[in-house]
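Participant: Below is the structure I would like to discuss, written out as structure tokens.
The values are calculated or read from the model by the stated rules, or taken from the named source; none is laboratory data. Since the model is a prediction, treat every value here as computed from it, not as a measurement. Backbone-built Cβ (ideal geometry, glycine too); neighbour counts: all protein chains shown. Accessible surface areas use protein heavy atoms only, side chains included; no ligands, DNA or RNA. Shrake-Rupley method; radii C 1.70, N 1.55, O 1.52, S 1.80 Å.
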Amino acid sequence: MQENNTLPVDSGKVISFNVGEQEYCVDILRVREIRGWTEATPLPGTPRCIKGVINLRGIIVPVIDMCELLHVSNNDASSRNVVMVVDVEGKTAGLLVSKVSDILDITPEMIQDVPVASTDEIDPLVSGLIAFDGRMIGLLQLSVVAEQALENAL
């Protein structure tokens, strides 16, 4: 269980989504919108996990391929995929995911520590696990997503 009794999300609500077969979630207040997949414009010299950029009502938004970032087997992006537009560290980014699943109410008691410790010095992408209705859902740290995918990309 989490050592402190604070909730790592501001709202108490998360939106869950699938990357391949695995389910993850983020604070619902960080999600600006959910869009169907449209082809992104690739940019040379960006990390492999950056699918390219899209034009979101005049704002250029990088699209992070979450399958690539999380090392999940990937069938190329298709019309079945969706882009979750999120606020990450003061920047707007799109997360390319397999599908959006649910909106869940969570409490601090529901979040359990990730049992496997990372041996490298990079903060883990998943800060906790939520067992919910027979599912295991990883709580994704958007700050680490931004650090690993966006810092040197744009």
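Participant: What is the percent carbon and sulfur in the accessible area of the range 4-151, measuring with a 1.4 Å probe over the protein chains and ignoring ligands?
Facilitator: So the carbon and sulfur contribution to the accessible surface is 48 percent.
Participant: For Lys13, which lysines qualify as cross-link partners when the Cα separation must be under 19 Å and same-chain residues fewer than eight apart are set aside?
Facilitator: Lys99
Participant: If I model a spin label as a point 7 Å beyond the Cα along the Cα-Cβ vector, how far apart are those points for Leu56 and Asp113 in nm?
Facilitator: Each label point lies 7 Å from its Cα, and together they span 3.5 nm.
Participant: If amide H atoms are built 1.01 Å from N in the plane of the peptide, which residues on other chains or at least 5 residues away come under 5 Å of the amide H of Asn81?
Facilitator: Correct list: Trp37.
Participant: Under 25 °C and 0.890 mPa s, how fast does the range 4-151 diffuse according to Stokes-Einstein, given a Kirkwood radius computed over C-alpha pairs? Answer in µm²/s, whole number.
Facilitator: Details: Rh = 15.7 Å.
Diffusion coefficient, whole number: 156 µm²/s.
Participant: Skipping prolines and chain starts, which residues have an amide H placed within reach, meaning under 5 Å, of the one on Ile106, given they are 5 or more residues away or on another chain?
Facilitator: Lys13, Val14
Participant: With a point put 7 Å past each Cα toward its Cβ, work out how far Ser73 is from Arg135 in nm, to one decimal.
Facilitator: Going by the 7 Å Cα→Cβ label model, 2.2 nm.
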